[in-house]
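Novice: A single structure is presented below for examination.
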Amino acid sequence: MTDAVKGPASYFPSIEQKYGRPVAEWKELIRASPLTKHMEIVAWLKSEHAMGHGHANALVAHTLAEDKDKDK
């Protein structure tokens, strides 16, 4: 039995299905954005890409956490 995906990554399959881009592509867009604050990026995804708040928040949280872990 495999463990269910938890946290922000649990949203990834529905994000890919609803918005038609792979998560890796969304992460590239987030990293290429000049914005750096979590909620600024969430607002940008919502306004520029018509993404729902929960999906935007999950992508940003996961991407920023990955980047923070890389800096260690």
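Novice: Could you tell me how many of the residues in segment 24-42 are touching a Leu at 6+ places or on another chain (Cβ under 8 Å) and modelled with pLDDT under 95?
Specialist: 0
Novice: Would you be able to tell me the number of residues in segment 37-72 that are closer than 15 Å to residue 14 by Cβ, free of Cβ contacts under 8 Å to residues at least 40 places away in the same chain, in a helix (DSSP H, G or I) and touching a helix residue (DSSP H, G or I) at 6+ places or on another chain (Cβ under 6 Å)?
Specialist: Residues in segment 37-72 being closer than 15 Å to residue 14 by Cβ, free of Cβ contacts under 8 Å to residues at least 40 places away in the same chain, in a helix (DSSP H, G or I) and touching a helix residue (DSSP H, G or I) at 6+ places or on another chain (Cβ under 6 Å): 2 in total.
Novice: Take segment 10-36 and flag every residue that is touching a helix residue (DSSP H, G or I) at 6+ places or on another chain (Cβ under 6 Å), aliphatic (A, V, I, L, M) and more than 16 Å from residue 50 (Cβ to Cβ).
Specialist: Residues satisfying the conditions are 23, 35.
Novice: Would you confirm whether or not segment 6-23 contains a residue that is surrounded by fewer than 15 Cβ atoms within 10 Å (Cβ to Cβ), within 10 Å of the chain's Cα centre (by Cα) and at pLDDT 95 or above?
Specialist: No, segment 6-23 contains no residue that is surrounded by fewer than 15 Cβ atoms within 10 Å (Cβ to Cβ), within 10 Å of the chain's Cα centre (by Cα) and at pLDDT 95 or above.
Novice: Let me ask another. Would you pick out the residues in segment 22-36 that are of a type outside the set (Val, Ile, Thr) and assigned to a helix (DSSP H, G or I)?
Specialist: If the condition is that a residue be of a type outside the set (Val, Ile, Thr) and assigned to a helix (DSSP H, G or I), then 24, 25, 26, 27, 28, 29, 31, 32 are the ones that fit.
Novice: List the number of the failed condition for residue 59; all other conditions in (1) of a type in the set (A, V, I, L, M); (2) at pLDDT 95 or above; (3) touching a His at 6+ places or on another chain (Cβ under 9 Å) hold.
Specialist: Just one mismatch for residue 59, condition (3).
The values are calculated or read from the model by the stated rules, or taken from the named source; none is laboratory data. These figures come from a predicted structure and were not determined experimentally. Neighbour counts are summed over all protein chains in view; Cβ atoms, including those assigned to glycine, are modelled from backbone coordinates with ideal geometry.
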